[in-house]
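Here is the structure we will look at.
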Amino acid sequence: MTGAGTLLAIPSEPSAVPAPRRARSPLKAAMLLVGGVGLVLMLLPLLMTGYISTIADSVLAFPPDGHSLSWYARLGEFPKFGQALGTSLRIAAMATIGSLAIGIPASIALVRHRFPGRGVLNVLLLSPLTVPGVVIGLALYVLMVEVEIRSEVPMIGSDAMLVLAHLLITIPWVVRLCVANLMQLDRAIEEAAANLGASPRQVLWKVTLPMMRQGIVAAGLFAFIISFENIELTLFLISPGVITLPIAVLQYLEYRADPLVAAVVMVQTAVIALLLVLLDRYVRLSKVV
Amino acid sequence: MSTRPPYLKIEALSKHYGSMAAVDEVSLEVAAGEMVVLLGPSGCGKTTTLRLIAGFVEASAGRILLEGRDYAGLPPYQREMGMVFQSYALFPHMTVAQNISFGLRMRKMPAAQIASRLEEVLALVKLEKMADRYPKQLSGGQQQRVALARALAIRPKLLLLDEPLSNLDANLRQEVAREIRRLQRAAGLTALMVTHDQDEAMAMADRLVVMDRGRVQQVGPQEALYEAPENPFVARFIGHSNLLRGTLRDGCRLRLGEGVEAQLAQRYNLAGDATLALRPERIRLLPPGDPTPARMTLAVEDATYVGAHVEYLLALPGGGSLILHQPTTGLAGAARLAPGSRAGLSWDAGSERIFDASDRALAAAGPAPALASV
């Protein structure tokens, strides 16, 4: 704060400094207001859910009769939610790895190479985004039933099918984010590597992929979240044994509307938050997204 | 010149994009240890030429021979050429030391040898204390030195420099230019540099190659390009030249327009359209009362004192202006010619350059007959 002290000590026209500040302050206040409203709107559902999860009554009513954390204690009585959370995490992890394995090479090919069918591939990889998830889910369901009838191999409800279906909606995000990331990387850096004696394979592993790290992490994060929270596509492809968490919540809500679901959601949010914190230790997330 | 084959030989190198020739039959010979600068306006093909040599672009035609070996079809990573990129192109995820040793690691050099080479190169560019920093923690000038060190570390067969100074502050440029030259000379490297900046090119080159629209316009040392440009483009691009178009009569009278004629200092075997090139500082302004006969008389439009010289603008027939630089040495107190007054101009035989209708420079056939005093 010595700088401010020095400034104050200088006997210059005192009106010169506050004038522009006053002119700017309404704009600043407006921006703060908009930012604040945005933040509240984003946090409100979570805060509400948290609040509801502490209501003691089994029927939601306002004002509530009392508060307790008993719903969290009762979570153990519903192993279905635990299983569903496990399924969701498992499917999302596999879909993430799968979509990165396909999406990263595809992005590099799309951005760095010119080949016949490049435009078609680009459209093909991004097109699932333009089709509603319900439609994709239904189409896949019909297809799988047909294949099951003909081949007698059980498909619906298997992890593999669920992951493949999720790949359809996660790959477009991975490709989109990786392409954006690659486009802003200076092509000359890869040329410099080649110039210094790196073969195309060495350029890829030692320069291109390490430079894409932030894009890849962002893509992985998006893929995971897209898969984890998906309902409309997943709805058609589950079986009694294999249910993801959002579907388990949906099914529970069909019969009861008590604060237990809110507790489930809070636990789920905590799990995701924990994963993000762990991830942040490796890559600064604020720089990625 | 010895009969030894040149170190680098480029033969009719061309690169076509569709029907457009980005590089059009460029031929060039470079001796070992020489620094040759490719100079030209943007889009003249100089950078593409450099990229063809580095192997990033495949030639449509022509050959690149280094030490007699044909480099056609050789991928960039087998060419052993060290390139300094305009954007520096440092690896952002590697430290200075890792950047510089990258090429050595690619060559599978033993670790001990890499360490000693790294130390040597770091000392050369005076970055010993920055070895563990990342590129983004360095200033522009320091990044530039890392880029240079990285290219030097592999002891390249050819050093390629693509606009190496263009991203530096103006006050750093001269210093870095001298530094590059020092390192290139010390290592005995043959270097090819690309720039659009004439001063930079003049300051750094052993020889210059002026390019325009994909073609080589002229090759030579600074003095040859300045004193004897082979076409109007070079005359205007290297330094400044007034280009006066007119009709040549009697071999030594160039009619520029209504009532304006230039009496040339030399005689040329040509009649018809011609272009006269005159450098602003090589034209003398005859003071009123000077007995020297004027070669041309024009009206003064404007005169500006700019320190080393007074810049005169003189009206040409047809609307253009002739620029003349009158040195201020020994001019103190002398009256400047006011706008509107008529000024007699003169120049020496060696200062005029005549180009024919197809822009080829003409050799003088002899001195012109002496001018009669006015």
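Once label points are set 7 Å from the Cα along Cα→Cβ at both A:Gln83 and B:Ala112, what is their separation, rounded to one decimal in nm?
Between A:Gln83 and B:Ala112, the simple spin-label model gives 6.5 nm.
Using per-residue counts of other Cβ atoms within 10 Å, averaged over each peptide, order B:170-177, A:178-185 from highest down.
Sorting B:170-177, A:178-185 by mean packing, highest first, produces A:178-185, B:170-177.
B:Arg133's amide H: which non-local residues (gap 5+, or another chain) put their own amide H closer than 5 Å, with H modeled 1.01 Å from N in plane and none for Pro or chain starts?
Long-range HN contacts for B:Arg133: B:Val96, B:Ala97.
Based on the mean of other Cβ atoms within 10 Å per residue, sort peptides A:30-37, B:200-207 so the most packed one is first. Don't skip to the answer; put the middle values down first.
On the way: A:30-37: 10.0, B:200-207: 19.6.
Ranking, from highest mean packing down: B:200-207, A:30-37.
Net charge around B:Phe91, counting only other residues with Cβ within less than 14 Å of its Cβ (Lys, Arg = +1; Asp, Glu = -1)?
Working: positive: A:Arg187, A:Lys206, A:Arg213, B:Arg105, B:Arg133, B:Lys136, B:Arg150; negative: A:Asp186, A:Glu190, A:Glu191.
Neighbour charge sum, excluding B:Phe91 itself: +4.
Test of understanding: ordering B:Arg182, B:Arg267, A:Arg201 by Cβ neighbours within 10 Å, fewest first, what list do you get? Walk me through the intermediate numbers first.
On the way: B:Arg182 11, B:Arg267 15, A:Arg201 8.
Placing the least packed residue first, the sequence is A:Arg201, B:Arg182, B:Arg267.
Can you tell me which of A:205-212, B:123-130 comes out highest on packing, and rank the rest after it, using the mean Cβ neighbours within 10 Å?
Final packing ranking: A:205-212, B:123-130.
Mean residue ellipticity at 222 nm from the helices of chain B, using -39,500 (n - 2.57) per DSSP H segment of n ≥ 4 over the full residue count, to the nearest 500 deg cm²/dmol?
-6500 deg cm²/dmol
Can you give me the angle between helix B:111-124 and the longest principal axis of chain B, using Cα atoms only, in degrees from 0 to 90, rounded to the nearest 10?
So the helix axis and the longest Cα principal axis differ by about 30 degrees.
Report, in deg cm²/dmol and to the nearest 500, the calculated mean residue ellipticity at 222 nm for chain A, where each DSSP H run with n ≥ 4 adds -39500 (n - 2.57) and the sum is divided by the residue count.
So the helix-based figure for chain A works out to -23000 deg cm²/dmol.
What does the charge count around B:Leu165 come to, taking other residues whose C-beta lies under 9 Å from its C-beta (Lys +1, Arg +1, Asp -1, Glu -1)?
Result for the local shell: -2.
Taking the Cβ of B:Arg284 as the centre, find all other residues whose Cβ is under 11 Å away and add up their charges (Lys, Arg: +1; Asp, Glu: -1).
Values: positive: B:Arg282, B:Arg295; negative: B:Glu281, B:Asp290, B:Asp348.
With Lys, Arg at +1 and Asp, Glu at -1, the neighbours total -1.
Please give the average number of partner chain Cβ atoms lying within 10 Å of the Cβ of each residue in A:196-204, rounded to a whole number.
Working: counts 21, 15, 6, 5, 3, 0, 4, 3, 0.
The shielding value for this peptide is 6.
Quick one: helix B:96-106 against the long Cα principal axis of chain B, what's the angle to the nearest 10°, folded into 0 to 90?
Long axis of B:96-106 versus the principal axis of chain B: about 70 degrees.
Kirkwood Rh over alpha-carbon pairs of segment A:79-288, then Stokes-Einstein at 20 °C and 1.002 mPa s: what D in µm² s⁻¹, rounded to an integer? Working shown, then result.
Numbers: Rh = 18.9 Å.
Approximately 113 µm²/s, per Stokes-Einstein.
Please give the average number of partner chain Cβ atoms lying within 10 Å of the Cβ of each residue in A:206-216, rounded to a whole number.
Partner Cβ neighbours, averaged per residue: 2.
What are the membrane-span-like helices in chain A by this rule: whole DSSP H runs, Cα extent along the axis at least 20 Å, mean Kyte-Doolittle hydropathy at least -0.5?
Long hydrophobic helices here: A:18-52, A:79-112, A:133-151, A:159-183, A:213-228, A:260-280.
When Rg is the radius of gyration of the Cα atoms in the protein assembly as shown and Rh is its Kirkwood radius, what does Rg/Rh come to? Could you put the intermediate results ahead of the total?
Values: Rg = 37.1 Å, Rh = 32.3 Å.
Result: Rg/Rh = 1.15.
Can you grab the distance from the C-alpha centre of segment A:131-196 to the C-alpha centre of segment B:211-276, Å, no decimals?
Cα centroid of segment A:131-196 versus Cα centroid of segment B:211-276: 66 Å apart.
Using only Cα atoms, find the angle between the long axis of helix B:140-153 and the longest principal axis of chain B, and express it within 0 to 90 degrees, rounded to the nearest 10.
60
Coordinate-derived values only; no laboratory data. These figures come from a predicted structure and were not determined experimentally. Every residue, glycine as well, gets a Cβ built from its backbone with ideal geometry; the counts of neighbours run over all protein chains shown.
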